[in-house]
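The values are calculated or read from the model by the stated rules, or taken from the named source; none is laboratory data. All values reported here derive from a predicted model rather than from experimental measurement. With ideal geometry, Cβ positions are generated from the backbone for all residues, glycine too; neighbour counts draw on all protein chains shown. Quick note on the areas: whole protein, heavy atoms, side chains included, nothing else; ligands and nucleic acids left out. Shrake-Rupley method; radii C 1.70, N 1.55, O 1.52, S 1.80 Å.
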Amino acid sequence: MTISFKPRITEKRWDISEEERLYKLWEEEGLHKFVFREDDDREIIAIDTPPPYASGKWHVGGAAHYAQIDMVARYFRMKGYNVLVPFYADRNGLPVEVQVEKAYGINPHEVSRTPEGRERFLELCREFLDKTEEEIVGIWKRLGCSFDYWRNGTDSPEYRRITQATFIELYRRGLVYEAERPVNWCPRCRTTLADAELEHKEVRGYLYYIRFTVKEDGRELVIATTRPELLRACKAVIYHPDDDRYRGLEGLHAVVPLYNHIVPIKTHREVDPRFGTGLVMVCSYGDQADIKMFRELGLEPIVIIDRDGRLKEGAGPIAGLSVEEARRRIAGILEEKGLIVKKEELVHSIPVCWRCKTPVQFIHTREWFLKQLGLKDELRKLVLEKIEFKPLMHRRKLLDWIDSISTDWPISRDRYYATEVPIWRCSKCGAILVPEPGRYYRPWIDEPPWSSCPECGAPRESLVGEKKVFDTWFDSSITVLYVTGYLRDNKLFKKAFKYTLRPQGQDIIRTWLYYSILRVYQLLGKPAFKWVRITGMGLDEKGEAMHKSKGNVIDPEPFLRKYGADAFRFWSAASSKLGYDYRFSEQMIRTGLLFTTKLWNIARFISSFPKPETRPRLRPIDKATLARLAYVLERVDKAYSELDVYEPVNEIYQFTWNYFASNYLELVKTRAYNSGGRYGREEQEAAWYTLHTVLDNILRALAPIMPFITDALYRRLYGRCIHREAFPKPDSEWLEWSPELTDLVMEANSAIWSFKKKRNIKFKEPLEYRIYLPEKLKPIKEELVDLHKLVDIEFYSMEKPVGLEIGAGIVIVEK
């Protein structure tokens, strides 16, 4: 009697609209919600998910980055960990302020002159952030990310309270101090910048060769500089001590042209004799080298650039001009007076603000600083010995940055939408007053938490609140502490801080990663992370970085609507080798969609057959297939454990499409249906068992990367949510079996299909030739006969028969 096998999966194709239905189901089931219980013996892995700046929508690179983080989180859940992977927005600092300035055409410094005006500006920032955050959350949910959504971002009173508590702790330990010193200054944003916040831009300019004279004998000296507008701030002329051209000048004095003040001539080994004339003017301040020289030579600075980036009154004929205008004006004056020997065009690198790209100036200002110079050796040791980098090559970037640090970190800013520096000052005695930690303080508007000055007894009215806020990285650098419950839930913190993972891009190694490691070490004396996962940059299809100014920013939403999240996630994993830049590819997304169709067709076919409850006796090709599967699962598991998703998706794709679907399914189709009764019941069930076993394992191994289709199929086939299942582990017996037969059969199938195609023989038609096969293929004789409709076959072991060799050792002889 013929048995009719009907697929239990009734739909003929995968419908991407089911992704949204499934996500709502996951939310109803509480699939994404992290729950901590003291009696839960599972280890916690805390993923310090990058809180994105909620100042604009993600492009495809940003969406891919967060999708990969979700893949890692899903894998660890399937491995039995309780995974803490929250999503909340970074809602502090310059990015949102710059956006609000542009959107409303306002100057925050003018608006915020009064507490009421400052409050209005902050409210505009909050409204802007709320809208943008909603868009970002919508994208990652559409992507299928299993993040636990926390609405309290970095601008919440809860987060800011913790930031201020860490400041108070470090201040009391003597690691924070206030000082007036030269800093990087953005004239447009009107705030100090840390070295890590600087970018460098190539600009065209001139190298001016200017005539100086020696005071003692009137000799002419020619000095080359790109910044003639700083002549008034020149305090010394230096040259390399081994430069014979200037031997004997040390100890004499130079007369600065135009301004005619006298400066000493000194030697210094850091001067490059090959630059310009080998003579250098040291000004306050042209660059970081000038700052260093002033410190080492004990010079008294004259700061002639103000906070607006204009020349001060002491600059004489160029006072009141912007730096660029002043440079052009003074160059003209010098030329008129015959003080310029020549000028050369050049391209050189200048520091600019990381946000608005305005050239940075160097001015004196009073800021709060966090000590870091004395910790460089300890941090290097920590990075080398205690933190695992994936991939290892990016550790070098962090070590190089640590080596390059030359100043303490200026952590205060003259901005508004950020955590306030929790300090009051007594206007009577000058005391700096630091409150007790435990609440969120806004000193610019809050009443002081003292009824009188604790130092001199002056009344509360004499206590003046600090108006400065923290550098955004001072907030962001404690995200791993915030995630793990620091200062909120000690029991959670004790367990969650054990296994911490930082996934981030390589572009913020010197900021977010470095500052996090620094701050956590200062507070706890421990490494901030067990693992650091560094990804490359998502580029456009031409391999260029995406920027609004270039017009090449690619929005992920149209592709999610057209192809679905699983297809987009497939591209994200399959195109991005861990640690390297990766290009956007719509073709690869299409490949992902084709793969979902292939998976659906495979599963629909297999759903026609019951899954045997116990393993029957397997045929050789069944064993070889499970052996090959075991090899794939081991490689995939190892790659996932190394935080890589590139190798897993490519391994699974190749195995599923090129071997399982194209070869094994075709070989066993006749045996699975067994309509002619040629096979025994156990042999038929062996096919069913192998088909289901392979599919079950493929779906579970793929679930972290393509969560929607794998769950949809798993629920239909096995009645359970795949994301609550364990990650597949090969049976120990499979590892003892050899997968060699799978390679042989792929070669044989390819050779026979190619021969049929060349002879215009349909694949389903019998092959009316005598065909000689290598002895190694004898264990799958029946399957090859079924698939290729072979009618006359023989096997050989030693001498190859004479005939037409078609590949894989197969010889065909025409009758």
The lone condition residue 720 fails out of (1) touching a residue at least 60 places away in the same chain (Cβ under 8 Å); (2) surrounded by fewer than 23 Cβ atoms within 10 Å (Cβ to Cβ); (3) charged (D, E, K, R) is (1)
Checklist (1) more than 27 Å from residue 413 (Cβ to Cβ); (2) surrounded by fewer than 16 Cβ atoms within 10 Å (Cβ to Cβ); (3) under 39 Å from the mean Cα position of the chain (by Cα); (4) at pLDDT 95 or above applied to residue 332, failing item: (3)
Quick one: how many residues across the range 451-478 are surrounded by fewer than 23 Cβ atoms within 10 Å (Cβ to Cβ) and either among the hydroxyl-bearing types (Ser, Thr, Tyr) or at positive phi (or both)? 4
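Could you identify the single residue in 498, 530 that is charged (D, E, K, R) and more than 20 Å from the chain's Cα centre (by Cα)? Explain how you work it out, then say what you get.
On the way: 530 fails: more than 20 Å from the chain's Cα centre (by Cα).
Going through 498, 530 in turn, the sole match is 498.
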Determine whether the range 483-491 contains at least one residue that is touching a strand residue (DSSP E or B) at 6+ places or on another chain (Cβ under 8 Å), β-branched (Val, Ile, Thr), within 30 Å of residue 42 (Cα to Cα) and assigned to a loop (DSSP other than H, G, I, E, B). yes
Going through (1) more than 22 Å from residue 196 (Cβ to Cβ); (2) under 16 Å from the mean Cα position of the chain (by Cα) one by one, residue 438 fails only at (2)
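Is there a residue in the range 109-123 that is polar (S, T, N, Q) and closer than 21 Å to residue 413 by Cα?
Among the residues of the range 109-123, at least one is polar (S, T, N, Q) and closer than 21 Å to residue 413 by Cα, which makes the answer yes.
Check every one of the helices (runs of 4 or more DSSP H) wholly within the range 51-135 and list those with 2 or more residues that are over 28 Å from residue 500 (Cβ atoms) and open to solvent by less than 10 Å² (accessible area, probe 1.4 Å).
So the answer is 94-104.
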All positions within the range 617-641 that are under 25 Å from the mean Cα position of the chain (by Cα) and either surrounded by fewer than 23 Cβ atoms within 10 Å (Cβ to Cβ) or under 17 Å from residue 684 (Cβ atoms) (or both): 635, 637, 638, 639, 641
Looking at 132, 163, 192 in this structure, which one is of a type in the set (Val, Ile, Thr) and over 25 Å from the mean Cα position of the chain (by Cα)? 192
Scanning the range 388-403 residue by residue, those in contact (Cβ under 8 Å) with a residue 60 or more places away in the chain and either open to solvent by 60 Å² or more (accessible area, probe 1.4 Å) or assigned to a loop (DSSP other than H, G, I, E, B) (or both) turn out to be 388, 391, 393, 397
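Could you go through the range 784-795 and let me know if any residue there is within 18 Å of residue 618 (Cα to Cα) and touching a Leu at 6+ places or on another chain (Cβ under 8 Å). Break it down stepwise before answering.
Residues of the range 784-795 that are within 18 Å of residue 618 (Cα to Cα), as a first pass: 784, 786.
The next check asks that each one be touching a Leu at 6+ places or on another chain (Cβ under 8 Å); those that pass are 784, 786.
Yes, there is a match, as at least one residue in the range 784-795 is within 18 Å of residue 618 (Cα to Cα) and touching a Leu at 6+ places or on another chain (Cβ under 8 Å).
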Verdict on residue 511 being of a type in the set (S, T, N, Q), open to solvent by less than 40 Å² (accessible area, probe 1.4 Å), closer than 25 Å to residue 160 by Cα and more than 14 Å from the chain's Cα centre (by Cα): no
Check the range 442-453 and report whether any residue there is touching a strand residue (DSSP E or B) at 6+ places or on another chain (Cβ under 9 Å) and among the aromatic types (Phe, Trp, Tyr). yes
Does residue 589 count as open to solvent by less than 10 Å² (accessible area, probe 1.4 Å) and either hydrophobic (A, V, I, L, M, F, W, C) or under 30 Å from residue 670 (Cα atoms) (or both)? yes
Considering the range 139-181 alone, what residues qualify as being surrounded by fewer than 21 Cβ atoms within 10 Å (Cβ to Cβ), part of a strand (DSSP E or B) and not acidic (Asp, Glu)? 149, 177, 179, 181
Taking the range 763-788, which residues are surrounded by fewer than 20 Cβ atoms within 10 Å (Cβ to Cβ), under 22 Å from residue 660 (Cα atoms) and either modelled with pLDDT of 95 or more or small (Gly, Ala, Ser) (or both)? 776, 778, 779, 781, 782, 785, 786
Among (1) modelled with pLDDT under 85; (2) open to solvent by less than 10 Å² (accessible area, probe 1.4 Å); (3) closer than 21 Å to residue 372 by Cα, residue 195 falls short only on (2)
Candidates 597, 656 - the one that is open to solvent by less than 10 Å² (accessible area, probe 1.4 Å) and either at pLDDT 95 or above or β-branched (Val, Ile, Thr) (or both): 656
Quickly run through the range 288-339 and pick out the residues that are out of contact with any helix residue (DSSP H, G or I) (no Cβ under 9 Å at 6 or more places or on another chain), under 19 Å from residue 353 (Cβ atoms) and of a type in the set (Gly, Ala, Ser). 322
Pair list, Cβ under 7 Å, 6 or more apart: the range 660-685 residue over 20 Å from residue 741 (Cα atoms), other residue not charged (D, E, K, R): 673/5; 674/684; 675/2; 682/616; 685/612; 685/616
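Scan the range 257-277 for residues that are open to solvent by 60 Å² or more (accessible area, probe 1.4 Å), touching a Lys or Arg at 6+ places or on another chain (Cβ under 9 Å) and modelled with pLDDT of 95 or more and jot them down.
Selection gives 262 alone.
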Take residue 216 and decide whether it is part of a strand (DSSP E or B), of a type in the set (D, E, K, R) and either surrounded by fewer than 19 Cβ atoms within 10 Å (Cβ to Cβ) or out of contact with any strand residue (DSSP E or B) (no Cβ under 6 Å at 6 or more places or on another chain) (or both). no
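Restricting to helices (runs of 4 or more DSSP H) lying wholly in the range 493-589: which have 1 or more residues that are in contact with a Gly (Cβ under 9 Å, 6 or more places away or on another chain) and under 17 Å from residue 70 (Cβ atoms)?
Values: elements: 514-524, 557-563, 565-574.
Counting at least 1 such residues, we get 565-574.
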Of the numbered conditions (1) touching a helix residue (DSSP H, G or I) at 6+ places or on another chain (Cβ under 6 Å); (2) more than 22 Å from residue 506 (Cβ to Cβ); (3) surrounded by 14 or more Cβ atoms within 10 Å (Cβ to Cβ), residue 379 satisfies every one except a single condition; which is it? (2)
Out of the residues in the range 479-506 meeting the condition of being touching a residue at least 24 places away in the same chain (Cβ under 8 Å) and hydrophobic (A, V, I, L, M, F, W, C), tell me which one is surrounded by the fewest Cβ atoms within 10 Å (Cβ to Cβ). 487
